[in-house]
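**Student:** Pasting a structure below so you can have a look.
What follows is calculated from the coordinates using simple rules that are stated; it is not laboratory data. Keep in mind it's a predicted model, so treat the numbers as computed, not measured. A quick note on method: Cβ atoms are made from the backbone with ideal geometry, for glycine too, and the neighbour counts reach across all protein chains shown.
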Amino acid sequence: MTKDGIVVSTNDNKATVIINRSSACGGSCESCSSCSENKVQTIVCGNEIGAKVGDNVIISSEKTPLVKLTVLLYILPLCFFIVGLLVAYTTLEGKVSNVEMISFLIGLVALLVAYGLIEIIDNRFSKNQLVNITKIVGGIYE
């Protein structure tokens with residue numbers, strides 16, 4: 001993914017960049033009536049090339065880490081919930097009277113554990129910049 005943006009602030013090896021967010025409906029927002037009015041998005045990027053405030057830049061990210069994080073965010077909690085539900089049901093079947101409700105609650109606890117795990121993983125990933133400034137294409141002083 002690559003986008004054009006403008007640097008609005010810098011701090012150490014990071015820069016805050018404003019980009020125009022493209023609509024999901026392909027630009028004809030009046031036809032779908034679901035687009036939000038705010039089409040500007042602020043992103044904190046890695047700034048290894050030394051972009052300054054006001055520079056027009058190109059930011060990019062690799063697809064693979066973003067896809068992995070998306071799968072982690074959606075698939076991991078679902079798997080934890082289903083496994084927690086099935087393990088609790090098979091373990092408690094015939095031992096308690098309300099096995100479905102207890103299994104469901106244990107599945108919810110497993111879901112919360114998955115979200116805690118995602119939070120830990122997210123804290124480790126946040127140290128690595130997934131989006132970086134790759135090129136300076138101009139500035140306000142040029």
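**Student:** Extending each Cα 7 Å along its Cβ direction at Lys95 and Arg21, get the distance between those two points in nm, one decimal.
**Tutor:** 4.8 nm
**Student:** Lys and Arg at +1, Asp and Glu at -1: add these up for the other residues within a Cβ distance under 10 Å of Ile49 and post the number. If you can, show how the numbers build up before the last one.
**Tutor:** Values: positive: Lys135; negative: Glu48, Asp55.
So the surrounding residues net to -1.
**Student:** Identify all lysines with a Cα-Cα distance to Lys3 below 28 Å; exclude those on the same chain that are fewer than 8 residues away in sequence.
**Tutor:** Lys14, Lys39, Lys52, Lys63, Lys68, Lys127, Lys135
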